[in-house]
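Asker: Okay, here's the structure, questions in a sec.
Only the coordinates and a few stated rules stand behind these numbers; no lab work does. Keep in mind the model is a prediction, meaning the values are calculated, not measured. Cβ coordinates were reconstructed from backbone atoms using ideal geometry, including for glycine residues, and neighbour counts include every protein chain displayed.
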């Protein structure tokens, strides 16, 4: 699954952020609103918050934030329009 970089609001480490009440509440409300999408059956290591056409979505990813950042950093400047969040 590919997500446009223009849509990404945040890439968060799920283990570190779910220790705070506000992060747990954000994920709970997103789940209740039906905007959480799990992209794998594996345990999530990160979540990616996106907004497209005013609609927010939260993708649960089995990939760590450091790996996602490395993938983004390796992209040529001209091709930094999307990041592969599922591989």
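Asker: Highest mean first, what order results for 1-14, 32-45 on Cβ atoms within 10 Å?
Answerer: 1-14, 32-45
Asker: Rounded to the nearest 500, what is the 222 nm mean residue ellipticity of the chain from helices alone, with -39500 (n - 2.57) per DSSP H run of 4+ residues and division by all residues?
Answerer: The helix contribution divided over the chain gives -8500 deg cm²/dmol.
Asker: Sticking with this structure for a sec: What relative contact order, as a whole-number percentage, does the chain give when Cα pairs under 8 Å and 6 or more residues apart are counted?
Answerer: Relative contact order comes out at 38 percent.
Asker: Quote the FRET efficiency, to the nearest 0.05, computed for residue 33 versus residue 66 with a Förster distance R0 of 30 Å and r equal to the Cβ-Cβ distance.
Answerer: 0.55
Asker: Indicate the gyration tensor shape class of the stretch 1-48 (rounded, prolate or oblate), computed on the Cα atoms with a ≥ b ≥ c the square roots of the eigenvalues: a/c under 1.5 is rounded; otherwise a/b larger than b/c is prolate and the rest oblate.
Answerer: It comes out rounded by the Cα gyration axes.
Asker: How far is helix 21-32 tilted, in degrees, relative to the longest principal axis of the Cα atoms in the chain, given as a value from 0 to 90 rounded to the nearest 10?
Answerer: For 21-32 against the chain, the angle is about 90 degrees.
Asker: Helix 65-74 versus the longest principal axis of the chain: what is the Cα-based angle in degrees, 0 to 90, to the nearest 10?
Answerer: 20 degrees
Asker: Pulled fully out, how much extra length does the chain show between residue 40 and residue 24, if you take 0.36 nm times their separation in residues and subtract their Cα-Cα distance?
Answerer: 3.7 nm
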